[in-house]
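What follows is one structure encoded as structure tokens, with my remarks underneath.
No lab work stands behind these numbers, since they all come straight from the coordinates. Quick caveat, the model's predicted, so the values are computed rather than measured. Cβ placement follows ideal geometry from the backbone for every residue including glycine, while neighbour counts extend to all protein chains displayed.
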Amino acid sequence: MTPEIQKVTISDDYITLGQFLKLTKTISYGGEEKAFLAINTVLVNDEKEIRRGRKLRHGDIVNISNHLYQICSLKN
């Protein structure tokens, strides 16, 4: 069974992966980004991602521990 995709709406053209982790309350504060990405598997469009500065744009799918999120931009 495929997990349900949760839509995450952003107001700009993109959001960085680090900002996204804070927005979704996956981490509590920015200092956790690097450690979280080092010990957890985060997939962006089915590719492993470890860069906290990775730009997520409208339509991107982020998979964190089988929780799926789709980026939706108000500008599109």
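Helix-derived [θ] at 222 nm for the chain: sum -39500 (n - 2.57) over DSSP H runs of at least 4, divide by residue count, nearest 500? For the chain, the value works out to -4500 deg cm²/dmol. For the chain, a/c is not less than 1.5, where a ≥ b ≥ c are the root eigenvalues of the C-alpha gyration tensor, and a/b does not top b/c. That puts it in the oblate class. At full extension, Ile50 and Lys22 could sit 8.6 nm farther apart than now, given 0.36 nm per residue minus the alpha carbon distance. Simple spin-label estimate for Ser11 and Glu32 gives 2.4 nm between the two label positions (7 Å along the Cα-to-Cβ direction from each Cα).
Expressed to the nearest 5 percent, the antiparallel share of DSSP beta bridges inside the chain is 65 percent.
Excluding same-chain residues fewer than 8 positions from Lys7, which lysines have a Cα within less than 19 Å of its Cα? Correct list for Lys7: Lys22, Lys25, Lys55, Lys75. Relative contact order for the chain: 42 percent, from Cα pairs under 8 Å spaced at least 6 residues apart, divided by residue count. What you get for the chain, charging only the Cβ of Lys and Arg (+1) and of Asp and Glu (-1), is a dipole of about 180 debye around the Cα centre. With the charge dipole of the chain set up from +1 on Lys and Arg Cβ and -1 on Asp and Glu Cβ about the Cα centre, the Cα lying farthest toward the positive end among the listed residues Leu68, Leu17, Thr41 is that of Leu17.
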